[in-house]
1. Taking all protein chains as present, what is the carbon and sulfur share of the accessible area of the stretch 35-188, in % to the nearest whole number, probe 1.4 Å?
2. State in Å² the accessible area per residue of the stretch 202-270; use a 1.4 Å probe, count heavy atoms of protein chains only, and round to the nearest integer.
3. Compute the length gained on full extension between residue 56 and residue 96: take 0.36 nm times their separation in residues and subtract their Cα-Cα distance, giving the result in nm to one decimal.
4. Students often check this: by mean Cβ neighbours within 10 Å, which of 187-199, 86-98 ranks highest, and how do the rest follow?
5. Principal axis lengths of the stretch 159-223 from Cα atoms, whole Å, largest first?
6. Counting Lys and Arg as +1 and Asp and Glu as -1, what is the net charge of the other residues whose Cβ lies under 13 Å from the Cβ of residue 169?
7. Per-residue accessible area for residue 178 at 1.4 Å probe radius, Å² rounded to 10?
8. What is the distance, in nm, between label points placed 7 Å from the Cα along the Cα-to-Cβ direction at residue 182 and at residue 118?
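The values are calculated or read from the model by the stated rules, or taken from the named source; none is laboratory data. Computed from a predicted model, the values in this text were never measured in an experiment. With ideal geometry, Cβ positions are generated from the backbone for all residues, glycine too; neighbour counts draw on all protein chains shown. In case anyone asks, the SASA skips ligands and DNA or RNA and just uses the protein heavy atoms, side chains included. Shrake-Rupley method; radii C 1.70, N 1.55, O 1.52, S 1.80 Å.
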Amino acid sequence: MTAQLIPDRPAPVRSRRSSRRSSRGYDAAFIYDVPGPRGRRNILIGSIASVLVFAVIVGLGLWQFASHGQLAPERWAPFTEWPIWQYLLVGLLGTLEAAAIVAVLGAVLGVLLALGRVSQVKWVRFLCGLYIEIARTVPVLLVIYLMLFGLPQIGINLPTLWKLVVPLTIANAAVFAEIIRAGILSLPRGQKEAALSLGMRPVQAMTYVVLPQAFRNVTPSLVTQFVSLLKDTSLGYIVAFTELLYRGQVLASYLHLLIPTYVAVTVIYLIVNGSLSAFASRLQRGSRRRPTLQPVLPSLPVVAAVEHEDGTGADSSTAHTPKGDHV
């Protein structure tokens, strides 16, 4: 009752543990019901069974490799030398270069498409939506073949790098646009309205208020899409671009060691993509654990004491208390 009568008193702060539990339960309620004791036991049994089945499959695979001589030390000896790994790491640099270019171009085009999807102009919204639907439907491999065989027929022959970058940019820009649009729509309408009420133009409100918050909300999804983009660069072997998988193919044909070479390439992909996935998960956990600032109510103004005609002073609480309302 006292907290309601005194507006300048801050609201009671819940403990961090209880707020974390409540937020987890609140988030999980949208996806599935929280399992009970029997459900948790069934989940634990299913997890143990899955791990055992996976271990059996891996053991059978290793046994097959050993029976065919694939685990012989002499077949893995070349991969203990630095020049072999240096050759593969040059391909990894090409993969990262192509992925970085596609990420920058796709993000810029994705922002423009996302702004077009939320535009008030009907034809702009229709054209951006049409591009996104077509780009998400057409296979990337088909666009690569168009760059490789179709454009040279009309006299356009792009460099090898751009034969890979352009198709991936066309496809990933649509995905980036949908992610950014989801981030924009997730914000309350009051954010933009408050910016407009301060005298900002709509472009300024979108640039300085809406887009920064939208990017912060969807950063984990953008990093996850970058992981998918990094895997899509493996299509560069079709245009003979020097990326990791293409280098692995050349090395396997030179050493006549197919399985060891592709195992080494797989390990490199696992390390790079696993690091990016862990980074995305950490960003997502950080955004969930970000504390919410409690609003601080302004304190009541101090009322000066009122001096009566007889010279005696009374405090503000007594001076402004109506007759008959004694505490």
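1. On the way: 6940 of 9430 Å².
Roughly 74 percent, rounded to a whole number.
2. 46 Å²
3. Going from the current span to full extension adds 10.9 nm.
4. For the peptides 187-199, 86-98, the packing ranking is 86-98, 187-199.
5. 50, 22, 14
6. For residues surrounding residue 169, the net value is 0.
7. About 40 Å², ignoring ligands and nucleic acids.
8. 1.4 nm
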